[in-house]
Every structure is written in structure tokens, then in C-alpha cells.
Amino acid sequence: MSVKNKLFDNNRNGLISTCPLSKKDSPKIDYKNIDLLKRYTTEKGKILPSRVTHVSTKKQKELALAIKRARFIALLPYVSTH
């Protein structure tokens, strides 16, 4: 399991977790917020599924759109450099 996936592996004790992007002090999903978008992509550049990150369906769609926009204007890479 990679380091990034361990960040989201907090559901070990069987508790249902809520969406981390729907809370009051959560960051706004924006294509210019590269640090947030990098947390939701793998090392190879793939978008992590919501079952791994526990993001709601609505926020997952917004997140995917923001990642795709950031890729299009070259803020994020489509694939890794390896």
C-alpha cells in the first residue's frame, strides 16, 4: 500500500466516516489548489476512487473536474515522469 493510500486508510475500526470535503472548515475544491488535488491522485496520476478517500459523490465529481482542469492547463501532470 502506498504512502498516499495510507492517508485515507482510517476506517479500520468499522466506524462510518463522513466526507472530508463536506465539513465546515474543509478546503474549497478548486483547480488552482494543487496541494489538495495531489492528495487525491496516485503517484502515477490516476484519480483515487471515492471508496478509498471516503469523499461523497457530489464532491468526487467536483474533485474529478478540478483535477481534469488542472491537467489541461498543465498545473498537474497527466502521468508521472518515471
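Select from the stretch 60-82 the residues that are surrounded by 12 or more Cβ atoms within 10 Å (Cβ to Cβ) and at pLDDT 95 or above and list them in ascending order.
Going through the stretch 60-82, the residues surrounded by 12 or more Cβ atoms within 10 Å (Cβ to Cβ) turn out to be 60-71, 75-77.
Scanning the stretch 60-82 gives GLN60, LYS61, GLU62, LEU63, ALA64, LEU65, ALA66, ILE67, LYS68, ARG69, ALA70, ARG71.
Annotation: of all residues in the stretch 37-72 being of a type in the set (Lys, Arg) and assigned to a loop (DSSP other than H, G, I, E, B), the one that is farthest from the chain's Cα centre (by Cα) is LYS44. When the residues of the stretch 21-36 are narrowed to those that are assigned to a loop (DSSP other than H, G, I, E, B) and either touching a Lys or Arg at 6+ places or on another chain (Cβ under 8 Å) or among the hydrophobic types (A, V, I, L, M, F, W, C) (or both), which ends up surrounded by the fewest Cβ atoms within 10 Å (Cβ to Cβ)? The qualifying residue surrounded by the fewest Cβ atoms within 10 Å (Cβ to Cβ) is SER22.
The values are calculated or read from the model by the stated rules, or taken from the named source; none is laboratory data. A quick note: this is a predicted structure, and the numbers were derived from the prediction, not measured. Here the Cβ is made from the backbone with ideal geometry for all residues, glycine too, and neighbour counts use every protein chain on show.
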